[in-house]
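Have a look at the structure below, then the notes.
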Amino acid sequence: AQSVAQPEDQVNVAEGNPLTVKCTYSVSGNPYLFWYVQYPNRGLQFLLKYITGDNLVKGSYGFEAEFNKSQTSFHLKKPSALVSDSALYFCAVRRGGFQKLVFGTGTRLLVSP
Amino acid sequence: IAGITQAPTSQILAAGRRMTLRCTQDMRHNAMYWYRQDLGLGLRLIHYSNTAGTTGKGEVPDGYSVSRANTDDFPLTLASAVPSQTSVYFCASSVSYGSQGVDEQFFGPGTRLTVL
């Protein structure tokens, strides 16, 4: 069975500092990995995805994620955090042969001014 | 461009009552999904549809039913609501469903449902 783990319930970072939100996965075969962001009282918005190819994936709003097969990780990163990045972030893995996504439990990112 | 709309925005419902959550998309996406979001559990798939006329069960289908009469609409029905169905419900869609496509899902704004 496919699964993802987000080990941190919350990540705190000061504005201007780099941020990392962690995600590890478990899947048979090649993983298809996604990051989504959720702002308060809103639906999820797609940030980026890894399918194949370059291990460093660039996405929306300056975010990027690094796929590491040996560590089964897909951490979300941004070189310089903004207060407006404060939100709930979800990692997800595609399950089976279809588009059924399995989501992690989410990590709340709090960027302080 | 509306994307995905959901109705109602929120609802308080007595246990045992029937409730239908509405979802409409205007992107002509083939695949649609219903998730519930609960604190500490993330999002869990309830039901999905890979194309109009077909539906399938997700991780937590019990107590819910769906239909897909056309491409745009994907209503979720709670036949007899119970307090454990208190949650935030999200509808989503994607262009395709098959293994050839790995496109992202687009989410609606959600429906907050409280069952008393």
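Each reported figure results from applying straightforward, stated rules to the coordinates on display, with no laboratory input. Please read these numbers as outputs of a predicted model, since none were measured by experiment. Cβ sites come from the backbone with ideal geometry, for glycine too, and all protein chains shown count toward neighbours.
General remarks:
- Within the range A:61-113, the set of residues being of a type in the set (S, T, Y), within 11 Å of chain B (Cβ to nearest Cβ) and assigned to a loop (DSSP other than H, G, I, E, B) comprises A:T105 only.
- Members of the range B:33-60 found to be out of contact with any Asp or Glu (no Cβ under 9 Å at 6 or more places or on another chain), in a strand (DSSP E or B) and more than 9 Å from chain A (Cβ to nearest Cβ), listed by number: B:W34, B:R36, B:D38, B:H47, B:S49, B:T51, B:T54, B:T55, B:K57
- Qualifying residue in the range B:83-91 (condition: more than 14 Å from chain A (Cβ to nearest Cβ), assigned to a helix (DSSP H, G or I) and not small (G, A, S)): yes
- Selection of the range B:1-12 for residues being crowded, with 18+ Cβ neighbours inside 10 Å and either of a type in the set (D, E) or out of contact with any Phe, Trp or Tyr (no Cβ under 7 Å at 6 or more places or on another chain) (or both) yields only B:Q6.
- Criterion: crowded, with 16+ Cβ neighbours inside 10 Å and of a type in the set (D, E, K, R) - qualifying residue of A:D9, A:D54, A:D85: A:D85
- So A:Y32, is it within 11 Å of chain B (Cβ to nearest Cβ), closer than 22 Å to B:Q105 by Cα, in contact (Cβ under 8 Å) with a residue 60 or more places away in the chain and not aliphatic (A, V, I, L, M): yes
- Test for A:E66: is it acidic (D, E) and either within 22 Å of A:K100 (Cα to Cα) or without any contact (Cβ under 8 Å) to a residue 12 or more places away in the chain (or both): yes
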